[in-house]
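Readers should treat all values here as calculations from the given coordinates under stated rules, not as data from a laboratory. Owing to the predicted nature of the structure, the values given are computational and were not obtained by experimental measurement. With ideal geometry, Cβ positions are generated from the backbone for all residues, glycine too; neighbour counts draw on all protein chains shown.
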Amino acid sequence: MLLAGLAGCGRTGHHEPRHTPLTVTATHAQPRRSRPSRSQLAVAQPPLQALVTSPSEDRLLVVDLRSGRVLRQIRVPGDPGYLAAIGSGGPVVVASSLAGTVTLLGGTSLHVMRVLNGFTDPEMPAMSPDGEYAYVTEGAPGRVAVIQLTDDKITSRVFVGAGAQHLAFSPNLQQVWVALGQSAATIVILSTVLDSPPSPSSVVGDPGRPHLVARLGPGYLAHDVQFTPDGRQVWITSASSTSVGVFSARTRRLLFRIPGGPPPQHVVFAGHYAYITSGYGSSIEQVSLLSGRVLTRVAAPYGSFDLDASGGYVVTSSLLRGTLAIYNTRLHLLRVRRIAPSAEDVILYQP
């Protein structure tokens with residue numbers, strides 16, 4: 001059970017879609033149009049949904065946050081575990097370790113766009129902040145595979161060390177931190193910045209071909225790793241202690257610790273807050289990013305390891321109970337639903 005619990009995690013990010021400006025030349029006066037009401041805008045915008053993997057059923061579940069009801073079940077063979085997505089209606093990446101595949105889904109209907117084969121033990125996917133690339137750790141061979149999402153091709157594989165698991169992009173796309181194992185003594189740091197830029201003052205990067213620049217020993221066995229939204233700090237949760245270490249992204253030194261409950265913990269950020277789960281501690285807590293102070297801690301279903309937060313919701317899935325717990329941003333519990341025998345990873349997604 002401990003090994004199964006240590007496996008839970010999943011991330012996501014969001015960015016605004018790009019729009020092409022439209023130029024209109026008026027030949028005569030047009031009647032003035034009134035702005036749509038808030039209710040009209042709410043109807044026009046698709047509701048935020050939770051996507052949850054059910055590995056024992058080879059399913060990706062689409063859950064309505066307002067009711068907790070499962071809206072759809074999408075077949076994803078091969079023990080689907082971990083998810084990543086970015087943007088509204090953008091691709092969703094699902095890693096299936098047993099099948100050695102990475103499945104790309106997208107569109108309003110979340111249809112399967114492509115299944116990529118040839119992976120060895122794919123574990124954790126992460127999306128680049130610009131939505132152009134997906135990085136996937138391959139645990140057994142100790143690699144990070146880079147997928148260019150414009151043509152769904154693997155552009156490179158970087159050896160980082162056996163047991164590669166959780167990983168996170170810096171918001172400026174220049175760094176990727178990778179934990180070597182579910183109980184990692186080492187964090188590997190990749191850079192996307194070219195070693196020899198055209199001029200000393202320029203910063204030129206190639207996210208399609210990252211390279212290893214450093215290794216970090218956090219001083220404890222690490223589990224999850226996440227950059228803060230401003231990119232200044234990296235929060236590294238523990239697989240061996242009840243606290244989460246907060247590191248400087250620039251100096252890579254430990255700044256302070258935050259109590260996080262029995263290990264392993266997982267963390268996400270939304271607005272001015274961090275949210276930390278402890279699956280074995282049956283808890284989820286809200287932490288101020290300004291002070292590092294724990295603001296509130298509430299109960300969560302046992303085995304709730306992975307979580308996400310966006311659009312006024314905080315959600316966590318229970319690997320051991322098969323539930324999805326839905327909270328508001330103040331961690332007031334809205335509802336709990338049992339949706340599968342086991343619910344491994346969860347992300348919030350805008351169709």
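The amide H of Asp58, built 1.01 Å from its N in the peptide plane, has Asp79 as neighbours under 5 Å, considering only residues 5 or more places off or on other chains. In whole angstrom, note down how far apart the Cα centers of segment 200-270 and segment 102-126 are. Here the answer is 26 Å between Cα centres. Computed from backbone phi with θ = phi - 60° and the Karplus coefficients 6.51, -1.76 and 1.60, the 3J(HN,Hα) list for segment 312-318 is x, 10, 10, 10, 9, 10, 9 Hz; x is used for glycine and proline.
Around the amide H of Arg72, modelled in the peptide plane, lie the amide H atoms of Val62, all under 5 Å away and 5 or more residues distant in sequence or on another chain.
Per-residue packing, averaged as other Cβ atoms within 10 Å, sorts the ranges 281-292, 138-149 into the order 138-149, 281-292, beginning with the highest.
Cβ crowding within 10 Å, taken as a proxy for footprinting-reagent exposure, orders Leu71, Leu348 from fewest neighbours to most as Leu71, Leu348. The ratio of the alpha-carbon radius of gyration of segment 77-259 to the globular-protein estimate 2.2 N^0.38 Å is 1.02.
For each of Met127, Met113, count neighbouring Cβ atoms within 10 Å of the residue's Cβ, then give the residues from fewest to most.
Numbers: Met127 27, Met113 14.
Sorted ascending by nearby Cβ count, the order is Met113, Met127.
Under 5 Å between amide hydrogens, built in the peptide plane, is the criterion, and for Leu295 it picks out Gln286, Val287, Ser288 among residues at least 5 positions away or on other chains.
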